[in-house]
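Asks: Take this structure first; my questions come after.
Nothing in this text is a laboratory measurement; each read-out follows from the coordinates by a stated rule. All values derive from a computational prediction rather than experimental measurement. Cβ atoms come from the backbone with ideal geometry, glycine included; neighbour counts cover every protein chain shown.
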Amino acid sequence: MGTEKLLFIYGRLLDPVARRALCPRARVVCAATLSGFALAFAGHSVEWQGSLADLRRERGGKCLGVVFRIDAEELDKMDAEDGGIYTRREFEVVSRNGEALIVDAYVQKNPTRGFAPSGKYLNGILLGYKVYELDRRHFLVIMTELLKKSCRAIGTNNYAPKPTNQDDAEPTNEDGAEPTNEDGAERTI
């Protein structure tokens, strides 16, 4: 099997099916928190139709994830799998019982501002939060912030809603035509 390392997983590979497909021999060590960083999304993946998970340095931030024990052969496979997008860096995380662990984690080499991640991608992460009993409220806060950023990026597009006061609305039929009497003459209101 060779040398083993601890790997902190916080993104797509929290999905047990995706992780087992890539590194089936990896074993769960514990849930953990990486302080000073937050889960972020950057770049764009054609395969995933959106941006990919990354770590962003953030004062007071925390990124939840799971520490796995993984052998060197599977790490090499993971290094080759990412298509050159990610690189491994060393971090210190803290387990739920307060133990500090030195781990590797994948971060994007050249993160660029990206689109929002796809629903399928996010569902895999959310599944991992459920399976490994991570705080799903934390994930909800991250998704709320992502949605706010996406809305600000889109802007209003000079959209101005029409008045909602029914008294100001012009009556029309279902087909959009002006209402008429039974004889076909336009009805006065």
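Asks: Extending each Cα 7 Å along its Cβ direction at Lys149 and Asp79, get the distance between those two points in nm, one decimal.
Replies: Result: 2.9 nm between the two label points.
Asks: Suppose the chain between Arg59 and Glu92 were pulled fully straight at 0.36 nm per residue; how much longer would it get relative to their current alpha carbon spacing?
Replies: Extra length available between Arg59 and Glu92 comes to 10.3 nm.
Asks: Here's a follow-up. Can you list the lysines whose alpha carbon is less than 20 Å from that of Lys77, not counting same-chain residues fewer than 8 positions off?
Replies: Once the sequence-local lysines are set aside, what remains near Lys77 is Lys5, Lys109.
Asks: Which GluC sites (Glu not before Pro) in region 22-130 sit in a loop by DSSP (not H, G, I, E or B) and have at most 14 other Cβ atoms within 10 Å of their own Cβ?
Replies: Details: sites: Glu47, Glu58, Glu73, Glu74, Glu81, Glu90, Glu92, Glu99; in loops: Glu47, Glu99.
Answer in residue order: Glu47, Glu99.
Asks: Of Ala18, Gly128, Leu146, which is farthest towards the positive pole of region 4-154's charge dipole, taken about the Cα centre with +1 and -1 on the beta-carbons of Lys, Arg and Asp, Glu respectively?
Replies: Of the options given, the answer is Leu146.
Asks: Could you list the residues of region 1-34 with an amide nitrogen less than 15 Å from a label point located 7 Å from the Cα of Arg69 in the Cα-to-C-beta direction?
Replies: 1-8, 25-31
Asks: By counting other Cβ atoms within 10 Å of each Cβ, how are Tyr10, Tyr121 ranked from fewest to most?
Replies: Numbers: Tyr10 26, Tyr121 23.
With the sparsest Cβ surroundings first, the list reads Tyr121, Tyr10.
Asks: Another question about this same structure. Using the crude model of +1 on Lys and Arg Cβ and -1 on Asp and Glu Cβ, and no other charge, please compute the dipole size for region 1-120 relative to its Cα centre, in debye to 20.
Replies: For this selection, approximately 420 debye.
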